[in-house]
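Here the structure is laid out as structure tokens; the discussion comes afterwards.
The values are calculated or read from the model by the stated rules, or taken from the named source; none is laboratory data. These figures come from a predicted structure and were not determined experimentally. When we count neighbours, we look across all protein chains shown, and the Cβ atoms used for this are built from the backbone with ideal geometry, even at glycine.
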């Protein structure tokens, strides 16, 4: 009796231990090193797992953009209840290397990769009651892009003794391009001390400019997929020559103005000498006098001949009126 009771207690205890024991761990394995593929190619993101696949098995691939948290991930595809459901913007280019992914392999295949495919990919396996681990693997992936044609620009004081900054930048390129400036042509290259360039930012600083600093400069942007370049022409001017030329032009303009003024004055004096002088003969008076019993009418006509005024008297008419009174002798 005691032995039977002992056997029962041992069996009950064993059953309790079996019920309370946790399920198997879900182990997900992904590459530890970042992956990269040239733009337009196909990439396979390897993901394997170990668990006892049951009816509750589920697999999900998702994507998160660089610099964003994992919680902001967007789904690519998921497998559950024996069916595969692609979703999101990558649905037409995403598939599983093995479908259904129930054999321990959940590798994602992505075709015609775009620059926007660069980011972190999450392989998540969920298989209750196997909850011992989170069943999550992360893969960092980069799409390699050759540098786009860079844009060259300049700023600063491009005169002798001044300083100028040349800049070069590509809008696309992965990994990020490095930049190198070269001075083209047969003119002497500026001294190393007057040229300082930053290969990361693409900036070239030229100090203590001289006339030999003039010329064409080329910037080459390079990464492991290729290179691209742009050029600009730098013209260094001598400001001292400009000041001398300006002063000379000012003097010439002053001489020209004085010459024109002297010419106009001389012409005015010549014209003035050619004008006739006005002379007057006699007294230009118009008289109209009437004596007692005598009326006189005089007309004066002035004519100008050779600058002289002439007076032509008209005929005078004298009328005498006899007295109506008798004359006393």
Quiz prompt | Residue check, residue 212 at pLDDT 75 or above, assigned by TED's automatic domain parsing to the domain that holds residue 157, assigned to a helix (DSSP H, G or I) and closer than 30 Å to residue 152 by Cα | solution = yes
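Residue under question is residue 90, and the condition is that it be under 40 Å from the mean Cα position of the chain (by Cα), part of a loop (DSSP other than H, G, I, E, B), surrounded by 14 or more Cβ atoms within 10 Å (Cβ to Cβ) and at negative phi; does it hold?
Details: under 40 Å from the mean Cα position of the chain (by Cα): yes; part of a loop (DSSP other than H, G, I, E, B): yes; surrounded by 14 or more Cβ atoms within 10 Å (Cβ to Cβ): yes; at negative phi: yes.
Criteria met by residue 90.
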Practice problem: Find the residue count for the range 194-222, including only residues that are touching a helix residue (DSSP H, G or I) at 6+ places or on another chain (Cβ under 8 Å) and under 11 Å from residue 166 (Cα atoms). | Solution: 1
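Could you tell me whether residue 194 is within 41 Å of the chain's Cα centre (by Cα), over 27 Å from residue 149 (Cβ atoms), at pLDDT below 80 and surrounded by 13 or more Cβ atoms within 10 Å (Cβ to Cβ)? Lay out the reasoning, then the answer.
Values: within 41 Å of the chain's Cα centre (by Cα): yes; over 27 Å from residue 149 (Cβ atoms): yes; at pLDDT below 80: yes; surrounded by 13 or more Cβ atoms within 10 Å (Cβ to Cβ): yes.
The answer is yes for residue 194.
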Exercise. Filter the strands (runs of 3 or more DSSP E) completely within the range 29-85 down to those with at least 3 residues that are within 15 Å of residue 101 (Cα to Cα) and touching a strand residue (DSSP E or B) at 6+ places or on another chain (Cβ under 6 Å).
Key: 48-50, 58-64, 74-80
Quiz prompt | Residue in the range 54-67 that is free of Cβ contacts under 8 Å to residues at least 12 places away in the same chain and surrounded by 13 or more Cβ atoms within 10 Å (Cβ to Cβ) present | solution = no
